[in-house]
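S.K.: The structure's right below; bear with me while I get my questions together.
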Amino acid sequence: MNAVTEPLLDVQALTMNFGGLTALDQVSLQVHPGEVAALIGPNGAGKTTFFNCVTGIYRPSGGDIFVNPPGKRRRRLNGMKTHQVTAQGLARTFQNIRLFQKMTVLENVMIGRHCRTRSGVLGAVLRDPQTRREEREIVERSYAILEKIGLAGEVNELAMNLPYGDQRRLEIARAMATDPFLILLDEPAAGMNPRETDALEVLIRRICDEEGIAVLLIEHDMRMVMSISNRIHVLDYGKKIATGTVAEICENPVVIKAYLGEETEE
């Protein structure tokens, strides 16, 4: 059993090279239980590359990525494929919406349950009692998630017909369907209007506080970052230049020069 103080995600000296370009340079970062953490930095700082390394899309050039799932043993993610990382308890969303647009809201969430199913091809063909029971559980669990995020009334609507903000929320619901202990959100507020962003803030805090799922998010909306984050990590040119609370980051002269100053200059 893991100690409570252990980080859920423990990234050590993560390095990613693309030819002669170093996109990530010895980046270390931890996310702890009950935490909403933010990863910020200018465009091109390496934020999405960091997510891609953690979630198995890229194989890091160096460093280590460990997870400490609650109640399970510590695991090293290096070399795991994306679906294997998801099975370990990490889920993510992307900058660009990646829903199955011509499937219903409920079906999109049900797809997220795939990594937790046990019935194989034979069960699907024979339709044995265990397979039917599992299918009912998938529907019930998916509907319960939609209730929690406020989309239960749209279960039979095609994903493509949802307003933009609701499509973003549906992506989060699909991620939640994998039963994660940590969700990585890549610019979840991108393209949202202020009302949608406010609703998203409430949802993210609820996911963390009520569902016990930690969150690591990339976000350019500094008002949102400062509003919901317990801890902020700052990247600049592939290097981590600061980690701290909201107050510490706001007062850090290195961060102000590299990033936050862009937001405050008149």
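The values are calculated or read from the model by the stated rules, or taken from the named source; none is laboratory data. Note that this is a predicted model, so its numbers are computed, not measured. Heads up, the Cβs are rebuilt from the backbone with ideal geometry, glycines too, and the neighbour counts pull from every protein chain shown.
S.K.: Say we look at segment 178-226 and pick out the residues that are in contact with a strand residue (DSSP E or B) (Cβ under 7 Å, 6 or more places away or on another chain) and among the β-branched types (Val, Ile, Thr); which of these is nearest to residue 147 (Cα to Cα)?
M.R.: Across segment 178-226, the extreme among qualifying residues is 207.
S.K.: Looking at the structure I just gave you, is residue 153 part of a helix (DSSP H, G or I) and closer than 12 Å to residue 105 by Cβ?
M.R.: Considered against the rule, which asks whether it is part of a helix (DSSP H, G or I) and closer than 12 Å to residue 105 by Cβ, residue 153 comes out as yes.
S.K.: Follow-up question, since we're still on this one. Any idea which residue in segment 154-174 is farthest from residue 32 (Cα to Cα), counting only those that are of a type in the set (Gly, Ala, Ser) and modelled with pLDDT of 95 or more? Walk me through it before giving the result.
M.R.: Filtering segment 154-174 down to residues of a type in the set (Gly, Ala, Ser) leaves 159, 165, 173.
Subset that is modelled with pLDDT of 95 or more: 159, 173.
Details: 159: 33, 173: 22 Å.
Here the answer is 159.
S.K.: Right, something else. With the requirement that a residue be farther than 21 Å from residue 191 by Cα and without any contact (Cβ under 8 Å) to a residue 24 or more places away in the chain, what does segment 88-104 give you? Write out each step before concluding.
M.R.: Step one: filter segment 88-104 for residues farther than 21 Å from residue 191 by Cα, giving 88-91, 102-104.
Selection gives 88 alone.
S.K.: Can we say residue 196 is assigned to a helix (DSSP H, G or I) and either closer than 21 Å to residue 82 by Cβ or of a type in the set (Lys, Arg) (or both)? Can you show your working first?
M.R.: Values: assigned to a helix (DSSP H, G or I): yes; either closer than 21 Å to residue 82 by Cβ or of a type in the set (Lys, Arg) (or both): no.
Spelling it out, it is not the case that residue 196 is assigned to a helix (DSSP H, G or I) and either closer than 21 Å to residue 82 by Cβ or of a type in the set (Lys, Arg) (or both).
S.K.: On the given criteria, is residue 18 exposed (fewer than 14 other Cβ atoms within 10 Å of the Cβ), aromatic (Phe, Trp, Tyr) and farther than 14 Å from residue 181 by Cβ? Outline the logic, then answer.
M.R.: On the way: exposed (fewer than 14 other Cβ atoms within 10 Å of the Cβ): yes; aromatic (Phe, Trp, Tyr): yes; farther than 14 Å from residue 181 by Cβ: yes.
Yes.
S.K.: How about segment 228-266: which of its residues are polar (S, T, N, Q), at pLDDT 95 or above and more than 17 Å from residue 8 (Cβ to Cβ)?
M.R.: Taking segment 228-266 first, the residues polar (S, T, N, Q) are 229-230, 243, 245, 252, 264.
From what is left, the residues that are at pLDDT 95 or above are 229-230, 243, 245.
Residue satisfying the conditions is 245 alone.
S.K.: Given the condition in a loop (DSSP other than H, G, I, E, B) and touching a Leu at 6+ places or on another chain (Cβ under 8 Å), answer yes or no: does some residue in segment 17-26 qualify? Let's see the steps before the verdict.
M.R.: If we filter segment 17-26 for residues that are in a loop (DSSP other than H, G, I, E, B), which is where we start, we get 19-20.
Restricting the remaining residues to those that are touching a Leu at 6+ places or on another chain (Cβ under 8 Å) gives none.
No, segment 17-26 contains no residue that is in a loop (DSSP other than H, G, I, E, B) and touching a Leu at 6+ places or on another chain (Cβ under 8 Å).
S.K.: Out of all the residues in segment 25-33, is one or more surrounded by fewer than 22 Cβ atoms within 10 Å (Cβ to Cβ), modelled with pLDDT under 95, polar (S, T, N, Q) and closer than 24 Å to residue 252 by Cβ?
M.R.: no
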